[in-house]
Amino acid sequence: MGAVQIALVLHPHNDVTEVAERAVAFAARQGVEVLVRAADAGRVRGAVPVGADELAAECDGVLSLGGDGTMLGALRMVADRPVPVLGVHLGNLGFLVEVTPAELDEALPRLVSGDFTEEPHSALRIDTGGGHHVAFNDLALARHPGRGTVDATLSVNKLSFGYYRCDALVVATPAGSSAYSYAAGGPLVSPSVGGIVVTPSAPMSGISRPLVLADSDTVALELNPRSGVLAVEVDGIGWADVGPGDHVDVSVQPDAGRVVRLDPDLHARRSRVKLSLLDLPLLPEQLRELLPGDVRERLEARDN
């Protein structure tokens, strides 16, 4: 058996050099080989640059350096061959990422030794007729200003279900239910519950409420003649346009992602607090979960 290989996936724009080189230095001491996409070869010293396909095919695990967007990209990259993905939080209000840069030195040995639990994530497999995509959060069909709105017929398991007329239509996984779908008025769904959430944004007629389907259901959207030209957004990234007469088919790939959790209970508590910052009532003791560990300890010592 060859050496363990860990892939580094870097935030596309932010400078992550210090954290990346700490990870490479640790790996070198442990005899672990670090792979990085050839496009990022100049951003970190000591890693082996390879093509994106080779990186996905060869790595034993992934270390994502960024926010939730970077983490989603890492999960999509290995969706055909899921391996554990650990997120280091260098973004803003992340829900997927768990580890802070200060916790990296403690987290890396556990990633290499397998001392962690895995949080499975489903993904949407999307066929637009002109391309195939994978989404771990959501698919959105969104209007271009001045180019019409969404006008689509929904079929579930090949049975016609109704139609939508709206500014945007969001199809989300349970994990992605806290993103665009939630902003459009959709429900929060626990990632432990399989399913698909279909939520219209600014509905004008037709189905106006969120719809929750089983993860065994298949969804087909047919764009009607009066539909506008729509942007296809996958996890917030625009990929293509679709228009009248086009079909968008969506199915679920269970356990397409393996997210590393070092302390699942702490991560769950932090996620609840982050949701509170967005919309839900926030308790003072919950706010403390967002504070750095040393600050939290000083506050607890003072209160005791």
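Bear in mind that the values in this text are calculations on the coordinates, not laboratory data. Remember, it's a predicted structure, so these values are computed and weren't measured experimentally. Every residue, glycine among them, receives a Cβ derived from its backbone with ideal geometry; neighbour counts consider all protein chains shown.
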Completion exercise
Ranking Asn14, Trp239, Ala183 by how far each Cα lies towards the positive end of the charge dipole of the chain (+1 on Lys and Arg Cβ, -1 on Asp and Glu Cβ), the top one is Ala183
Handout entry: Inter-site label distance for Arg45 and Arg22 at 7 Å from Cα along Cβ, in nm
Key = 1.8 nm
Handout entry: On Cα atoms only, tilt of 104-113 relative to the major axis of the chain in degrees
Key = 80 degrees
Exercise for the section: Arrange His121, His11 by Cβ neighbour counts within 10 Å, fewest through most, would you? Expected result: His11, His121
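Taking 41 Å as R0, compute the FRET efficiency from the Cβ-Cβ separation of Glu58 and Ser216 and round it to 0.05.
Efficiency, from the Cβ-Cβ distance: 0.80.
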Practice task
With just the Cα atoms of the chain, tell me how far they stretch along each of the three principal axes, in Å, largest first.
Solution key: 61, 52, 35
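Given the rule -39500 (n - 2.57) for each run of at least 4 DSSP H residues, summed and divided by the residues of the chain, what is its mean residue ellipticity at 222 nm, to the nearest 500 deg cm²/dmol? Spell out each step's value before the answer.
Details: 8 runs with 75 residues, N = 304.
Theoretical 222 nm ellipticity from helices: -7000 deg cm²/dmol.
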Fill in the blank from the handout: Measuring from its Cα centre, region 123-254 shows a charge dipole (+1 at each Lys and Arg Cβ, -1 at each Asp and Glu Cβ) which, in debye to the nearest 20, is 300 debye
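For Asp60, Asp138, Asp53, Asp127, which order do you get if you count the other beta carbons within 10 Å of each Cβ and list the fewest first?
Values: Asp60 18, Asp138 26, Asp53 10, Asp127 14.
By the 10 Å Cβ count, ascending, the order reads Asp53, Asp127, Asp60, Asp138.
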Fill in the blank from the handout: Counted neighbours (other Cβ, 10 Å), sorted fewest up, put Ser64, Ser181, Ser113, Ser208 in the order Ser113, Ser208, Ser181, Ser64
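If you take every residue apart from Val4 with its C-beta less than 9 Å away from the C-beta of Val4, what net charge results, scoring Lys and Arg +1 and Asp and Glu -1?
Values: positive: none; negative: Glu33, Asp60.
That works out to -2.
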